[in-house]
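Colleague: The structure's right below; bear with me while I get my questions together.
The values are calculated or read from the model by the stated rules, or taken from the named source; none is laboratory data. This one's a predicted model, so the numbers in the text were calculated from it and none came from an experiment. Cβ placement follows ideal geometry from the backbone for every residue including glycine, while neighbour counts extend to all protein chains displayed.
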Amino acid sequence: MSHTPDALLEVAGLSVDFRTRSGTVHALDKVSLTLASGETLGLVGESGSGKSVLSFAIMGIQDAAARISAGSLHFAGQDLLANRGKAMRTLRGRELAMIFQNPRVALNPIRQVGRQIADVISRHTGVHAAACRERALQCLAEVRIPDPERRYDAYPFELSGGMCQRVMIAIALACKPRLLIADEPTTGLDVTTQAAIMRLIHDLSARRQMSTLLITHDLSLARAYCDRIAVMHAGHIVEVGPSAELFAHPCHPYSERLIAATPHGAAALSALASIPGNLPDLRRDDLPACRFAERCSRYGASCDAALELRPLSATHSVACHRALEDAIPLRLETEHVTSA
Amino acid sequence: MFQMIVKRLLGALPALFGVVIVTFVLTRALPGDPAAYFAGPAGSQEAIEEVRAKLGLDRSLPEQFVLYLRDLAHGDWGNSLTTGQPVLTELAERLPASLELTLAGLVLAVVVAIPLGVLAATRPGAWIDHLCRAITTAGVSLPTFFTGLLLAYVFYFLLGWAPSPLGRLDPYTTAPEFITGFYLIDSLVMGDGATFVAAAKQLVLPAITLALFVLAPLARMTRASMLGVLSADFIRTARASGLHPLKVLFVYAFRNALLPVLTTLGMVFSFLLGSNVLVEKVFAWPGVGSFAIEALVASDYAPVQGFVLAMALLYVLLNQLIDIAYGLVDPRARLES
């Protein structure tokens, strides 16, 4: 894949395997993804589709059993796979940052939250302790934690889940990174807090021109906050496109089923359709070219041919031999004309 | 903090009272008649009855118990019949010997076990992990009297590196002036280097024997606890923030892993206090363990009761210390109290 000039993050053909006792798990298979500066990209898919594996691989904090078997990772032109050691550690937390789900357990339970922020600042800026404290207090104020002076010395168990997630965000954004990976940042929070946290992330990334990779299985969240959406299934990216377009006209059968399974507005619960079957066992050596084939109602003989993401338009790609193009042929054509 | 300690100590009083009752009843329920024992094999029935009356053993059990409680309240723990000395004096003389040995063994074990456990946890499956497993397995399977004898045989008899395993000092050195009763500390305070070296030499083998025994649970707990913490979410957060691996390991992981290790430490310490009697026997160590066993064999009630009571007191104090240490490490423990 050629280097796109304004791409901040470029994932090309990335494959990750896990070696386990019961065989090799092909968790990611030739995943390609680009993220432009200031863009928010949503990564959606059911549990086990490889969203977190991808984000951990980008951060270089993957499990010891994980092995990157193919592909490349570039961040602002730097090859992230070439220097996994010390160089990666200085990037991590300073240029690339990550926030996790379940903030309560993602914070050190026996260290004051302010000091956890100060640790990161001290690591990446090398300023003295008093200045670190000052900066950490600013960070707490920035994530709208009331009375930062008092909260600085609080322990995570003394804060609510939403507060803990704000602290997580403060830790991640302490050094003003250019890329933020938010791995299900609202899981485990109640709905009103979810909205507040999402708005906070959105505001801060907009203000700082920060790129955000939002990993979620909450489609309505992705739709509300993301410029583009990438749909993952069983270690493949099956569809990428602008948020509104993908929701209005999903082209991959999996995307369509995923959207149909999402509760929205006035729809009755009985109207929601579950997706039949399960993710294929990723330890199999005979995984089909299309890993959705075994669950797909549109499966046909042509589906066994080799498969890759192919563009439908300048911005919309899908990895399917029998994509639901017929649903939007006219509009796509006109778009081709206008974009050409 | 102070208030909390006082409150805890008061809370331990019922437990101590329970200990007093149980030891009193148990010693009375033991087979053997102290009156007969002290009247001697040639003692006539009359002589035995006379001794019995003198010991107060002819009274009813509740009466004996009330008398015992009254004496305790006056700080009188009774006299040892075998030595004629007050039990409290005997214990005070011998307890430092036991404590010094136990603490030395414990410090040695901690110094080896904790780094071993941490290293094993950070490199699962590597040679250090296998070494850790081998040492812990050996530690639990070798009884202390056996390792004690083996060490004495090898290092004293065969190699001649260690002094003869007879007590806390060799016959040519006089004991340092009594300050704490710990020879190592007392000799240092007095600035007596020669005595310090002599006492240390005597201490090495029994301390290693004890250390080998408690190393196993400590190292195993450290390893397990570190493994658990290292896979925790907050360690991933720390790594994702780019913190230095050593900072992640020691400031983030180790402090969190310390709590179960502290608990284990308290357990093995209290266990050691009473049960190092075998080591004391092997090395002719003049500690409380051997003292209690001798008294028990002689049906000498007062020292046995005194010993159990002293151990119970120590145990209560020890638990206080562990609780305080807990509070220092974990803010959540502070809150609960």
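Colleague: When A:Ile229 is evaluated against the numbered criteria (1) touching a strand residue (DSSP E or B) at 6+ places or on another chain (Cβ under 7 Å); (2) under 13 Å from A:Gly38 (Cβ atoms), which criterion, by number, is the only one it fails?
Modeller: Failing condition for A:Ile229: (2).
Colleague: A follow-up question, please. If I ask for residues that are polar (S, T, N, Q), without any contact (Cβ under 8 Å) to a residue 60 or more places away in the chain and either within 14 Å of chain B (Cβ to nearest Cβ) or in a helix (DSSP H, G or I) (or both), which ones from segment A:156-194 would you list?
Modeller: If the condition is that a residue be polar (S, T, N, Q), without any contact (Cβ under 8 Å) to a residue 60 or more places away in the chain and either within 14 Å of chain B (Cβ to nearest Cβ) or in a helix (DSSP H, G or I) (or both), then A:Thr192, A:Thr193, A:Gln194 are the ones that fit.
Colleague: Check off (1) in contact with a Leu (Cβ under 6 Å, 6 or more places away or on another chain); (2) surrounded by 23 or more Cβ atoms within 10 Å (Cβ to Cβ); (3) farther than 30 Å from A:Cys296 by Cα for A:Pro185 and give me the number that stays unchecked.
Modeller: The failed condition is (1).
Colleague: Can you name every residue in segment A:54-89 that is within 13 Å of chain B (Cβ to nearest Cβ) and part of a helix (DSSP H, G or I)?
Modeller: Result: A:Ser55, A:Phe56, A:Ala57, A:Ile58, A:Met59, A:Lys86, A:Ala87, A:Met88, A:Arg89.
Colleague: Of all residues in segment A:131-151, which are surrounded by fewer than 19 Cβ atoms within 10 Å (Cβ to Cβ) and in a loop (DSSP other than H, G, I, E, B)?
Modeller: Those that are surrounded by fewer than 19 Cβ atoms within 10 Å (Cβ to Cβ) and in a loop (DSSP other than H, G, I, E, B): A:Arg144, A:Pro146, A:Asp147.
Colleague: Shifting gears a bit: Within segment A:116-140, restricting attention to residues that are away from chain B (no Cβ under 13 Å) and touching a Phe, Trp or Tyr at 6+ places or on another chain (Cβ under 8 Å), which residue is farthest from A:Asp218 (Cα to Cα)?
Modeller: Only one residue tops the list, namely A:Arg133.
Colleague: So which of B:Leu210, B:Leu205, B:Leu227, B:Leu184 is under 30 Å from B:Pro124 (Cα atoms) and under 18 Å from the mean Cα position of the chain (by Cα)?
Modeller: Just a single option satisfies the conditions, and that option is B:Leu210.
Colleague: I want to confirm something. Restricting to segment B:284-337 and keeping residues that are polar (S, T, N, Q) and farther than 30 Å from B:Val251 by Cβ, which single residue is surrounded by the most Cβ atoms within 10 Å (Cβ to Cβ)?
Modeller: Here the residue is B:Gln305.
Colleague: Where residues in segment A:77-110 are of a type in the set (Gly, Ala, Ser) and surrounded by fewer than 23 Cβ atoms within 10 Å (Cβ to Cβ), which of them is nearest to A:Met198 (Cα to Cα)?
Modeller: Among those that are of a type in the set (Gly, Ala, Ser) and surrounded by fewer than 23 Cβ atoms within 10 Å (Cβ to Cβ), it is A:Gly77.
Colleague: Let me ask something else. Collect the residues in segment B:310-331 that are touching a residue at least 60 places away in the same chain (Cβ under 8 Å), away from every other protein chain (no Cβ under 14 Å) and hydrophobic (A, V, I, L, M, F, W, C), keeping them in residue-number order.
Modeller: B:Ala310, B:Ala312, B:Leu313, B:Val316, B:Ile322, B:Ile324, listed by residue number.
Colleague: Moving on. Just to be sure I understand, how many residues within segment B:152-180 are in contact with a Lys or Arg (Cβ under 8 Å, 6 or more places away or on another chain) and at pLDDT 80 or above?
Modeller: Matching residues across segment B:152-180 total 1.
Colleague: Something else about it: Between B:Leu57, B:Leu95, which is touching a helix residue (DSSP H, G or I) at 6+ places or on another chain (Cβ under 8 Å) and without any contact (Cβ under 8 Å) to a residue 60 or more places away in the chain?
Modeller: Result of the check over B:Leu57, B:Leu95: B:Leu57.
Colleague: Among the residues of segment A:196-235 satisfying the criterion of being assigned to a strand (DSSP E or B) and not β-branched (Val, Ile, Thr), which is nearest to A:Ala248 (Cα to Cα)? Reasoning before the result, please.
Modeller: Pass one, segment A:196-235, residues assigned to a strand (DSSP E or B): A:211-216, A:228-233.
Next cut, not β-branched (Val, Ile, Thr) only: A:211, A:213-214, A:228, A:230, A:232-233.
Values: A:Ser211: 24, A:Leu213: 21, A:Leu214: 20, A:Arg228: 13, A:Ala230: 14, A:Met232: 18, A:His233: 19 Å.
Out of the qualifying residues, it is A:Arg228.
Colleague: Okay, next question. Can you tell me which residues in segment A:250-283 are without any contact (Cβ under 8 Å) to a residue 24 or more places away in the chain and closer than 16 Å to A:Val25 by Cβ?
Modeller: Residues satisfying the conditions are A:Asn278, A:Asp281.
Colleague: Please state which of the following conditions A:Ile169 fails to meet, knowing it meets all the rest: (1) buried (at least 23 other Cβ atoms within 10 Å of the Cβ); (2) modelled with pLDDT of 90 or more; (3) under 27 Å from B:Val329 (Cβ atoms).
Modeller: (3)
Colleague: I'd like to check something: does segment B:116-133 contain any residue that is charged (D, E, K, R) and surrounded by 16 or more Cβ atoms within 10 Å (Cβ to Cβ)? Can you show your working first?
Modeller: Within segment B:116-133, the first condition is being charged (D, E, K, R), and the residues that meet it are B:123, B:129, B:133.
This time we only want the ones that are surrounded by 16 or more Cβ atoms within 10 Å (Cβ to Cβ), so: B:129.
Scanning segment B:116-133, I find at least one residue that is charged (D, E, K, R) and surrounded by 16 or more Cβ atoms within 10 Å (Cβ to Cβ), so the answer is yes.
Colleague: Answer yes if at least one residue in segment B:101-113 is surrounded by fewer than 15 Cβ atoms within 10 Å (Cβ to Cβ) and under 18 Å from the mean Cα position of the chain (by Cα), and no otherwise.
Modeller: Yes, segment B:101-113 contains a residue that is surrounded by fewer than 15 Cβ atoms within 10 Å (Cβ to Cβ) and under 18 Å from the mean Cα position of the chain (by Cα).
Colleague: Could you please find all residues in segment B:53-75 being out of contact with any Leu (no Cβ under 8 Å at 6 or more places or on another chain), modelled with pLDDT of 80 or more and not hydrophobic (A, V, I, L, M, F, W, C)?
Modeller: Passing the criteria: B:Ser60, B:Pro62, B:Glu63, B:Tyr68, B:Arg70, B:Asp71, B:His74.
Colleague: Would you mind stating whether B:Leu272 is among the hydrophobic types (A, V, I, L, M, F, W, C), farther than 30 Å from A:Gln165 by Cα and within 14 Å of another protein chain (Cβ to nearest Cβ)?
Modeller: No.
Colleague: Taking the residues in segment B:250-261 that are surrounded by fewer than 20 Cβ atoms within 10 Å (Cβ to Cβ) and more than 8 Å from every other protein chain (Cβ to nearest Cβ) as candidates, determine which candidate is nearest to A:Arg89 (Cα to Cα).
Modeller: Of everything passing the filter in segment B:250-261, B:Phe250 is nearest to A:Arg89 (Cα to Cα).
Colleague: Could you check, for segment A:232-240, whether at least one of its residues is at pLDDT 90 or above, under 30 Å from A:Asn108 (Cα atoms) and not β-branched (Val, Ile, Thr)?
Modeller: No, the conditions are met nowhere in segment A:232-240.
Colleague: Please verify whether B:Leu99 is in a helix (DSSP H, G or I), over 30 Å from B:Leu258 (Cβ atoms) and not charged (D, E, K, R), treating the condition exactly as stated. Working first, answer last.
Modeller: Details: in a helix (DSSP H, G or I): yes; over 30 Å from B:Leu258 (Cβ atoms): no; not charged (D, E, K, R): yes.
No: the conditions fail for B:Leu99.
Colleague: Right, another one. Check every one of the helices (runs of 4 or more DSSP H) wholly within segment B:280-337 and list those with 2 or more residues that are under 27 Å from B:Gly32 (Cβ atoms).
Modeller: Once the helices (runs of 4 or more DSSP H) in segment B:280-337 are filtered for at least 2 residues that are under 27 Å from B:Gly32 (Cβ atoms), what remains is B:288-297, B:301-329.
Colleague: Suppose we filter segment A:90-115 for residues that are in contact (Cβ under 8 Å) with a residue 12 or more places away in the chain and at the interface with another protein chain (Cβ under 8 Å from one of its Cβ atoms); how many remain? Reasoning before the result, please.
Modeller: First, pick out the residues of segment A:90-115 that are in contact (Cβ under 8 Å) with a residue 12 or more places away in the chain: A:90-104, A:106-115.
Cutting the leftovers down to at the interface with another protein chain (Cβ under 8 Å from one of its Cβ atoms) gives us A:90-94, A:97-98, A:100, A:102, A:106-111.
Final tally of qualifying residues: 15.
Colleague: When you check A:Arg322 against the structure, is it touching a Lys or Arg at 6+ places or on another chain (Cβ under 7 Å) and at pLDDT below 85, yes or no?
Modeller: yes
Colleague: Among (1) touching a helix residue (DSSP H, G or I) at 6+ places or on another chain (Cβ under 8 Å); (2) in a helix (DSSP H, G or I); (3) within 14 Å of chain A (Cβ to nearest Cβ), where does B:Leu246 come up short?
Modeller: Evaluating B:Leu246 over (1) touching a helix residue (DSSP H, G or I) at 6+ places or on another chain (Cβ under 8 Å); (2) in a helix (DSSP H, G or I); (3) within 14 Å of chain A (Cβ to nearest Cβ) leaves (1) as the failure.
Colleague: Tally time: how many residues in segment A:210-242 are small (Gly, Ala, Ser) and more than 14 Å from the chain's Cα centre (by Cα)?
Modeller: 4
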